[in-house]
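The values are calculated or read from the model by the stated rules, or taken from the named source; none is laboratory data. No experiment lies behind these values; they were computed from the predicted model shown. Glycine also receives a Cβ, built like all others from the backbone with ideal geometry; neighbour counts cover every protein chain displayed.
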């Protein structure tokens, strides 16, 4: 089953993402972001129960790190170029540059759930039938 991790500081967004993608056969774990660094970050990654197939993360989160920086850290932790989708309402060149530099898919808020699903299918080469 395709495993997706979603990280956002807005519980309603996490709930919507989780419910929608689970309906299409994805195994989704949602996390309200907690600002962690160093050894605490390693513990956070270990608590994810293994490497996900895809990460969905908000760009602006509480604390010192952006979603793009967290993805970079997660990729280093797992020693893998995990595909990731960055959500943002920030249309600045810096945000777009961070996404490009990190080889991240960028979706601007508000994001239609169908757009999210088709982006996931494009990234992973899955369809609702093959997500299981």
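Filter the stretch 68-79 down to residues that are over 19 Å from residue 3 (Cα atoms) and surrounded by 19 or more Cβ atoms within 10 Å (Cβ to Cβ), then give me how many there are. Counting residues in the stretch 68-79 that are over 19 Å from residue 3 (Cα atoms) and surrounded by 19 or more Cβ atoms within 10 Å (Cβ to Cβ) gives 1. Which residues, taken from the stretch 21-59, are part of a helix (DSSP H, G or I), in contact with a strand residue (DSSP E or B) (Cβ under 9 Å, 6 or more places away or on another chain) and either surrounded by fewer than 13 Cβ atoms within 10 Å (Cβ to Cβ) or modelled with pLDDT of 90 or more (or both)? Correct list: 21, 22.
Scanning the stretch 80-102 turns up at least one residue that is modelled with pLDDT under 95, surrounded by 12 or more Cβ atoms within 10 Å (Cβ to Cβ) and under 16 Å from residue 18 (Cα atoms). If you filter the stretch 101-117 down to residues that are over 15 Å from the mean Cα position of the chain (by Cα) and part of a helix (DSSP H, G or I), you find that the one that is nearest to residue 27 (Cα to Cα) is 114. What residue, among those in the stretch 1-20 that are over 16 Å from residue 87 (Cα atoms) and touching a strand residue (DSSP E or B) at 6+ places or on another chain (Cβ under 7 Å), is surrounded by the fewest Cβ atoms within 10 Å (Cβ to Cβ)? Among residues in the stretch 1-20 that are over 16 Å from residue 87 (Cα atoms) and touching a strand residue (DSSP E or B) at 6+ places or on another chain (Cβ under 7 Å), the one surrounded by the fewest Cβ atoms within 10 Å (Cβ to Cβ) is 1. One residue alone among 12, 16, 6 is modelled with pLDDT of 90 or more and in a strand (DSSP E or B), and that residue is 6.
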